[in-house]
Amino acid sequence: MSRKPNILFILTDDHAAHAMSCYGSRINRTPQLDRIAEGGLRLDNCFCTNSICTPSRASILTGTYNHVNGVTTLTTMMDNALVTFPKLLQSAGYQTAIFGKWHLGEGPKHCPTGFDEWAVLPGQGFYHNPTFIFPGPEGGVKRTVRGYATDIITDMCLDWLDRRDPSRPFCLLCHHKAPHRPWYPDEKHAGLFLNEDVPEPETLQDDYSNRAKAAAAAAMRVGVHMSETDLKCEMPDEMPESELRRWAYQRYIKDYLRVVQSVDDNVGRLLDYLDAKGLAEDTVVIYTSDQGFFLGDHGWYDKRFMYEESLRMPFVLRYPREVRPGSVNGDLVLNVDFAPLLLDLAEVAIPPQMQGRSFRPQIQGGTPPDWREAMYYRYWMNRAHHNVAAHYGIRTLKHKLIYYYYDGCNQPGTMSPLCAGRAKIMPLDFEPEWELFDLERDPREMRNVIADPAYAGVARELKDELHRLQAELGDARHPSDRD
Ligand code: CA
């Protein structure tokens, strides 16, 4: 007899893989997240297709790229009439719910749909005593809930699990705000890391030489571009930039890790519940994050760039019926693949408009012979935040090619290339530029080899593959890209 699996999908916000011990973190331990990896699978090359909150969430739910689902930026809210995996599971008899961060808009056209029950944070939400939107007229009603967001969201999930109909499978989305900025820890974790130094990343003092100009122009340097809210204290008066980076890194990374600790504890509560109720065997448990984050890498915090630390999503999955404990897979898997996988596992037809592909063969230990060899990425919000330029590119297992085209392309929430002048932000009047990284020789992406004659052949092949992928996925190349 084929029983449909339960699905527990846990999504956090800005949790980089290199702050999880199952990914070899040098800076923290996450024993509860490791339980999922040890009992199942860890993906080592799982990537987002646009490294910011709202667009990645739309790709996860719809299985489509942002130029198709229309959610290109933080101000393009998702049309809740789009087909999503929770809707399809609900139609197939699943009980569905989402609790926590939604960040795809509010009101009748953007509130959650496809869920039997939901409670979501408006926008980014708050860590302490957060307001939630509950189902109600005109897209919902707001009410404040006292407590710490990560605990409350977990409580809501556990409460819903207790009240569900045990004769039908469930699909539960547990979406934490954590560990997104401004990193306010729970009181009980405030003392963690107090009397120790967190190891610094190798590239904390990156000077951005040998890179496209976009790297040096980014206004997301640790300390330099942070606020007093980020650092929870006043900025020091005068400090050389290298010292400022070191000082501010210790300040913010500790709060980031304290906030992650609360996630880890609460994931443990959910796993314990599944064990106690005898549900672990029949439940697909996934832990992932909407994108990565710079943890002082390249001297940065935040994300957006197609560089590794921001591009990579942590992804661990446990499903004892199909997945061998301790499995690891290095294939190129993307956020657009999650919806097809979950539908596949539930034996629900994958609609043709979904552009991702189920990686069920990978979770079972194999790789289909025709699996993708390159992935497509596009960040649209030209200079809108942290002065990060709009760019697109592709990554293979060995190389990465990025094209910075410095144009908002009239997308909502982007600035024109001529607009400049926020404090500490360099004007960007650059010509479009390419970057090419040899990920085997230069895994930290410190040397752009686009002009190196030894890489001319690779560059040509990658440009052709980029344009082929754009055509295949239905995106248009930028007019300045005539290569
Ligand atoms: Ca995010």
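The values are calculated or read from the model by the stated rules, or taken from the named source; none is laboratory data. In this text the structure is predicted, and so the values were computed from the model without any measurement. Because the Cβ atoms are built from the backbone with ideal geometry, glycine has one as well, and the counts that use them run over all protein chains shown.
A few notes on this one:
- Sole residue being outside any helix (DSSP H, G or I) and crowded, with 24+ Cβ neighbours inside 10 Å, chosen from I60, I27, I98: I98
- Residue identified as within 30 Å of D206 (Cα to Cα), in a loop (DSSP other than H, G, I, E, B) and out of contact with any Gly (no Cβ under 6 Å at 6 or more places or on another chain) among G278, G292: G292
- Pick from the range 308-319, criterion outside any helix (DSSP H, G or I) and of a type outside the set (S, T, Y), ranking: farthest from the ligand (Cβ to nearest atom): R318
- Of all residues in the range 12-37, those that are under 19 Å from C48 (Cα atoms) have Cβ atoms under 6 Å from Cβ atoms of residues that are buried (at least 24 other Cβ atoms within 10 Å of the Cβ) and of a type in the set (F, W, Y), 6 or more apart or on another chain, in D14/F293; A16/F293.
- Given (1) of a type in the set (V, I, T); (2) within 16 Å of the ligand (Cβ to nearest atom); (3) surrounded by fewer than 19 Cβ atoms within 10 Å (Cβ to Cβ), number of the condition T367 does not satisfy: (2)
- Extreme residue, farthest from P5 (Cα to Cα), among residues of the range 88-103 that are of a type outside the set (G, A, S) and more than 15 Å from the ligand (Cβ to nearest atom): F99
A quick yes/no check of all residues on (1) of a type in the set (A, V, I, L, M, F, W, C); (2) part of a loop (DSSP other than H, G, I, E, B); (3) within 16 Å of the ligand (Cβ to nearest atom); (4) buried (at least 20 other Cβ atoms within 10 Å of the Cβ):
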{"position": "L8", "(1), (2), (3), (4)": "yes, no, no, yes"}
{"position": "D14", "(1), (2), (3), (4)": "no, yes, yes, yes"}
{"position": "Q32", "(1), (2), (3), (4)": "no, no, no, no"}
{"position": "T64", "(1), (2), (3), (4)": "no, yes, no, yes"}
{"position": "P86", "(1), (2), (3), (4)": "no, no, no, yes"}
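- Residues satisfying the stated conditions in the range 16-30, i.e. farther than 14 Å from A178 by Cβ and within 16 Å of the ligand (Cβ to nearest atom): A17, H18
- For the range 131-179, a tally of residues being without any contact (Cβ under 8 Å) to a residue 60 or more places away in the chain and closer than 14 Å to D116 by Cβ returns 5.
- If the condition is being surrounded by 12 or more Cβ atoms within 10 Å (Cβ to Cβ) and either small (G, A, S) or touching a Pro at 6+ places or on another chain (Cβ under 7 Å) (or both), then the range 153-172 contributes P169, C171.
- Residue list for the range 370-389, filter: buried (at least 23 other Cβ atoms within 10 Å of the Cβ), under 20 Å from A58 (Cβ atoms) and more than 18 Å from the chain's Cα centre (by Cα): N382
- Residue check for P185: at pLDDT 95 or above, more than 16 Å from the ligand (Cβ to nearest atom) and under 19 Å from S262 (Cβ atoms): yes
- Exactly one residue out of F305, F338 is within 28 Å of A389 (Cα to Cα), outside any loop (DSSP other than H, G, I, E, B), out of contact with any Asp or Glu (no Cβ under 8 Å at 6 or more places or on another chain) and within 16 Å of the ligand (Cβ to nearest atom): that is F338.
- Pairing each residue of the range 290-317 that is without any contact (Cβ under 8 Å) to a residue 24 or more places away in the chain with any residue that is part of a loop (DSSP other than H, G, I, E, B) and aromatic (F, W, Y), provided the two are 6+ apart or on different chains, yields no C-beta distance under 8 Å.
- Residues within the range 156-187 that are of a type in the set (D, E) and closer than 29 Å to L295 by Cα, tallied: 2
- Flag for L41 being at pLDDT 95 or above, of a type in the set (A, V, I, L, M, F, W, C) and within 15 Å of the ligand (Cβ to nearest atom): no
- Scope the range 96-117; condition hydrophobic (A, V, I, L, M, F, W, C) and within 15 Å of E138 (Cβ to Cβ); matching residues: C111
- Residue ID - nearest to the chain's Cα centre (by Cα), chosen from residues in the range 267-297 that are more than 13 Å from S310 (Cβ to Cβ) and aromatic (F, W, Y): Y287
- Here R146 meets each of (1) surrounded by fewer than 21 Cβ atoms within 10 Å (Cβ to Cβ); (2) of a type in the set (K, R); (3) within 16 Å of the ligand (Cβ to nearest atom) with one exception, condition (3).
- For the range 320-334, the count of residues that are buried (at least 24 other Cβ atoms within 10 Å of the Cβ), out of contact with any Leu (no Cβ under 7 Å at 6 or more places or on another chain) and not in a loop (DSSP other than H, G, I, E, B) is nonzero.
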